[in-house]
Structures are given as structure tokens and as C-alpha cells.
Amino acid sequence: MTDPAIRSVLKEDRLFPAPADFVTRARIHSRDAYDARRAQALASPEAHWAEIACELHWYRMWDRVLDWKPPHARWFGGATTNLAFNCLDRHLHTARRHKAALVWEGEPGDVRTMTYAQLHREVCLFAGALEGLGVRKGDRVAIYMGMVPEAAVAMLACARIGAVHSVVFGGFAAEALRDRINDAGAKVVITQDASWRRGKEVPLKVNVDRALEETPSVEHVVVLRRTGAAITRVAGRDHDFHELLASAKPRTEPEQLDAEHPLFILYTSGTTGKPKGVVHTTGGYMVGVFASTRDVFDLREEDLHFCTADIGWVTGHSYVVYGPLLNGATSLMYEGAPDHPDQARLWSIIERHGASILYTAPTAIRAFMKWGDHLPARHDLSSLRLLGTVGEPINPEAWTWYHRTIGGGRCPVVDTWWQTETGAIMIAPMPAVVPQKPGSATLPLPGIDVSVVRHDGTECGPNEGGLLLVNRPWPSMLRTVWGDDARYVEQYWARFPGRYLTGDGARRDEDGYLWLMGRIDDVVNVAGHRLGTAEVESALVSHPAVAEAAVVARPDELKGEALVAFVTLKTGHDATDVLKTTLADHVAQEIGKFAKPDVIRFAAALPKTRSGKIMRRLLREVAQGKQTTGDTTTLEDLNVLATLRSDDE
Ligand code: WTA
């Protein structure tokens, strides 16, 4: 295959237009029409979103598309709808009735397919089972599972009855689970005996049992048998998933919910040690996710959409479960690790099932590159027609490798920028009409109005780096932080009133393409997991040997960023390698393995400003092995810095 790039001197100037046969068949295939649509959406955003919303099912139509009292928005006010109805029931009277909704492959190699009719039936039954356990509209349900179809069933069942789900990533430890359950006040926890990860069992039920020692709100636990691991069953509290289904009265009538009824809470990292419960509501989220899935992935009836994200993250919510189902597509779900039993697992999955869209993260792509071209080469990947990435900036080498080696040069690559808070994709190329530049997420979607600004709020010039803002509300935006509206206001809207602060840096080039430059705050991206360094610090400080900790990131070839922890010890504790391992394990225990610092360095004291703030900028430079630059007059103890730098790891 010839490289379709139009080369020029500057690497960033390479343009990858979609191949002609892709364009001919694409949903959106005229650049002029697309530009007109974007212009129109900017001129009258409410009409734009209402037009999309009209394609979905509402029991009652809205009185007003948008009610905006900054920073609080109500979308489709007065309307009622049901997301599960739109994902399932809506398709049952069409040719999609017996179409596969989910194709699932377990890590051990077992495969299951659920048609829309089958998924609908199971969701109705499980919704009935939840009601049987006393779950009512507005109650919170925690879902702590691996990537199994029942996780999607549980989410949809909650949506059907108006219970608010809080999916907690199955990689989180008992303590992190406990905190999330308590913050949401969950009444029921849905879990499984254990999940498969690299051939080993992750003991989810054991973690739930530990978490539930301190979760007064939980009344019931539903346990799916997946691996057959031995579990303890607490009488009256614990219920078997399939036994419940067998005796449940199906809930066939979906609850008619207000468009602004909360749909889910999803915890994400912020700049403080306490995770934020991002709240999404029903109607707006549905509209944003429906349209972005269809347009960005150029979704066709016959597609098999393979998004590798875990449902514990927002990408799994929006692009494994809700987006594909809202569009009547087939979503391919894989349970396990990409390198089990070997590093060609994803390629063999794509070949065996005939996936046509692959949506994954740059960190995964870098791992695939490292594992070698011979692995994908052994598999027939010709079913693929579109590739996507999300989660962090993708370096041009990884982008072009993905395009060439996985996509065979014929698949457009959509680099999609968005966040847990935005609910749906915000910046991405329309694959057929926006030629891609490797490393750029390109243009905002129709109806999304963004700016790159200086610290004083004035617009940056071309190629000038600044803060990325969203200038107006959009339907799938978060509505608040669960139980902490002040934090919502402060974190996202206080700095530039009426405009949403994304927390990311960006620049816009002379063609209007956006280049994301990473976080401007103390939130880092480690192997696609968004982590607040403060969370890791809190975990470290909770160890009895630790007096103080500062965690910073340094660039890492594979993981994007790696964590370096600077730790001062309480007197009486010796700085030993054994203690380093203990502390790393302690973080794994408190948060999860993915949060383990890559390097722990002991220091006599941490560099601080006169007001006592840890000087992270300096620590970052130390962590990266750079010379200290800039002003250090606010340092309390300059010796501290010298000691740190000479400290050999
Ligand atoms: C980063 C994941 C560059 C960004 C959907 C954002 C990206 C954070 C991209 C949100 C991209 C996501 N290019 N950076 N295409 N996509 N990010 O909440 O820093 O887990 O703020 O949502 O990931 O991470 P979150």
C-alpha cells in the first residue's frame, strides 16, 4: 500500500485524506456540507441539538432545548425519555430485533452473542430483580465488575428503572471501592466472584466483602458467577445473579424519566486527593453519545464496533455500551488482557469476529508497536475500515504506525479528544471529510464551540499554546459533582465565568486544527488511566512510615507518563529498598496496581515555597533529570533541592 500522506518539510504538515472508496460510502462525505453544518450549529446550537434529539424516542417532548443559568444547564427541560428504551426497545420492531447487540469474547476464549431481543429480555429481568431488592428511581447502584456482558445488562437495567449507576473499575482496590460506594451512598453492589486477567483471577467478591465492612448504605450484593472462584455468601445480603434472574418478574415498562434525571455517577481524578463523582443526566448524554458515535465512527448497519476500553471508564460507558446500542450497532466486548495468551490477542479477535472499527488508546498502540509488526502481520485485519484513539495525545510515530500497520493505509484514524466530564467526543475529525494530521484531534464536532486562550482569557493566535475552553454548554456535559456542587462551580467554571475549563492545554494551527498538549494541572495520564497525583500522595501518606509525599510525572515511552514519588519518612523509619517495595504495594492496595509509582525516592525534606506549598515544578525537573531553571527564591531550603538531585535512585 502506498503511503497516502502528502509530504512536506514539516512533519506535522502531513495530511492524510480518507481514501476515495471510504469517502463515497461515508455518511458525511461532502466537506462543504459539513462546514455548512458546523457553521449552522454554531449559529443556532439549540436547533442543531434538537434536530438530533428528534431522531430518538421521547415520551414527552421538551418545553425548552436549553435552560442555561451559568454554570448550571438543563437540556431538553420538560421532556421525558428512557435511555434503555432507546438502546433496546426502539430496535425491537425493526430488522435489528435479532441482530447481535453484543458479541463478547471471554479471556479464556469463550464467546457469547446477545441479540437485541435477548439483551432486552435480560435487561427487563434484571431491572425487575433490582426492583425486587428494593431499588427505586434515584437510588444508587454500584457496579464493580470485569468486562462481562452482565455489566452492560446491569447498567441498562439501572437506566431502565431510573436507578443511578456508579461503575467502579474492576482494577480498583477495596479501599477505593469503599470510598466510592460511600460517596454515592449506594444501596446495592453488583459484582462477580472474580474476573479473569492474564489467566489469573482478580478476586472482586473478596474486595467487595472487605469494602463492605465500612459501607453502611449497602443493603444487597448481587454476585455473578464468572470464574467459579470460592466466595463467601452472606445470608440475606448476597444474591446470585442468575438465581435472581430466574425468579424475577420482568420490568417490561421502562420508567418515563425526566431528561435531567441523573443517569450515572462516574468517579474521576481531580487535583485533590478526593475523587470527583461526575454526574451525567439522561437526555443530554443520550443525544451527545448517539450523534458522536454515529458521525465520528461513520457507523454503518453492518459494522462490528470494537472499543477496547473497560466499562469502568467513561469510554466504556459511551462507546462500548450506550453509543453503539443507541445506534443499533453491534458492539464487540473483550474481557481480558491484550497480551494473553499472547501479544497477538487483539489481532486474533479482530480476525475471528471481523471487527470493522477499532477504538483504543495511544498507550496500547505504543505497546503494540513495541511487541512487533510480525504479530499483526500474522492476522487478516482486512475487515477493519476505521481506527480511533482516545485518552492522551498520540505521538505522530504511533499514529502513522497505527495507520499503516493496523489500518493497512486504507483506514482513516480518528483521534478523539474528550473527558469523563464531557460525556461524549468533543474534538475529532469526521473521517471522510476532515483530512487527518497525525497527532491532531483536528476540529470540534458540530455544536461544540471551543477556544484556546491565554491566562487572561484572550484568544491565542495560531500555534500559540493556551488553555482549552468550551465556550458554551453542550448536551452531554456533566451537570455537577455528586454531593459537591461548589466543587463543580469552582473547578470548571470559576476561572472563566460561563466557559468550561477543560484543564488541558492546546494550540490551534493555521488550519484551525487543534493539537492537545496535556494537562495543565496535577492530573496525569498513566497508561491511559487518568490519575490525580494528589490521590497517590494521599495513599502514600496513609502509610505509617510516611511523613510527606509529592508525586509528579515524567514522560514515559510506553505509558505516556510515569509516576515518580518523593517521600519523606517519619523518624524511626529507614530509607530502604524494602520500604520502597512496601510503599508501592501499599499504593496498589489503596488505589489499585495501575497507580503504583514507577520510582520512589526518599528525601530528607521536600522543596517548598514560603507558604508551604510543595514546589512541584522543581520536583518535575528533578524527576526528569533536568537542570533546575527559573526562580527559586521562594524555596524554603535550597539544600533540599541539591540533596534531591544528587540522590541516586
Ligand atoms: C486526555 C477519557 C489528547 C486529556 C475520554 C483529557 C486526550 C483527559 C485525548 C480525559 C486526545 C483524552 N488527545 N489528550 N485525543 N483524549 N485526552 O476523563 O488530558 O479519562 O483531559 O476521559 O484525557 O481523561 P478521561
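Values for this structure:
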| item | result |
| --- | --- |
| Net charge, VAL135 excluded, C-beta distance under 15 Å - Lys, Arg +1, Asp, Glu -1 | +4 |
| Under the Karplus curve 6.51 cos²θ - 1.76 cosθ + 1.60, θ = phi - 60°, whole-Hz ³J(HN,Hα) for segment 348-364, x wherever Gly or Pro sits | 6, 5, 4, 5, 5, 9, x, 4, 10, 10, 10, 10, 9, 10, x, 4, 5 |
| Cα coordinate range in segment 99-197, projected on the principal axes (Å, largest first) | 37, 30, 16 |
| All-pairs Cα distance distribution in segment 470-564, expressed in whole percent, bin size 10 Å | 13, 32, 36, 16, 3, 0 |
| Order by protection proxy (mean Cβ within 10 Å, highest first), peptides 464-477, 426-439 | 426-439, 464-477 |
| Theoretical ellipticity at 222 nm over the chain - DSSP helices of four or more residues, -39500 (n - 2.57) apiece, nearest 500 | -7500 deg cm²/dmol |
| Distance histogram for the chain (every C-alpha pair counted, 10 angstrom bins, percent rounded to whole numbers) | 3, 16, 26, 28, 19, 7, 1, 0 |
| Counted charge near ASP339, where neighbours are those whose Cβ lies closer than 12 Å (Asp, Glu -1; Lys, Arg +1) | +2 |
| The chain: antiparallel DSSP beta bridges as a percent of all, rounded to 5 | 60 percent |
| Other-chain or far-sequence residues with amide H under 5 Å of THR480's (modelled H) | VAL279 |
| Check: the chain dipole with +1 on Lys, Arg Cβ and -1 on Asp, Glu Cβ, in debye | 660 debye |
| Total formal charge among the other residues, if their Cβ is under 13 angstrom from that of GLY109, Lys/Arg +1 and Asp/Glu -1 | -2 |
| Per-peptide average of other Cβ atoms within 10 Å, ordering 76-87, 481-492 highest first | 76-87, 481-492 |
| Derived scalar couplings ³J(HN,Hα) [segment 274-280; Karplus, 6.51 cos²θ - 1.76 cosθ + 1.60; whole Hz; x for Gly, Pro] | 9, x, 9, x, 6, 9, 10 |
| From phi via Karplus (6.51, -1.76, 1.60), per-residue ³J(HN,Hα) for segment 456-473 in Hz, x at Gly/Pro | 8, x, 7, 5, 6, x, x, 6, 8, x, x, 8, 8, 10, 10, 7, 9, x |
| Under-5 Å amide H pairs with ALA562, H placed in peptide plane, nonlocal only | ARG554, ASP556 |
| Amide H contacts of ARG601 (H built 1.01 Å from N, under 5 Å, at least 5 apart or other chain) | ALA565, PHE566, VAL567 |
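A short reminder: the numbers here are calculations on the coordinates, not readings from a lab. None of these values were measured; they are calculated from a predicted model. As a convention, Cβ positions derive from the backbone with ideal geometry for all residues, glycine included, and neighbour counts pool all protein chains shown.
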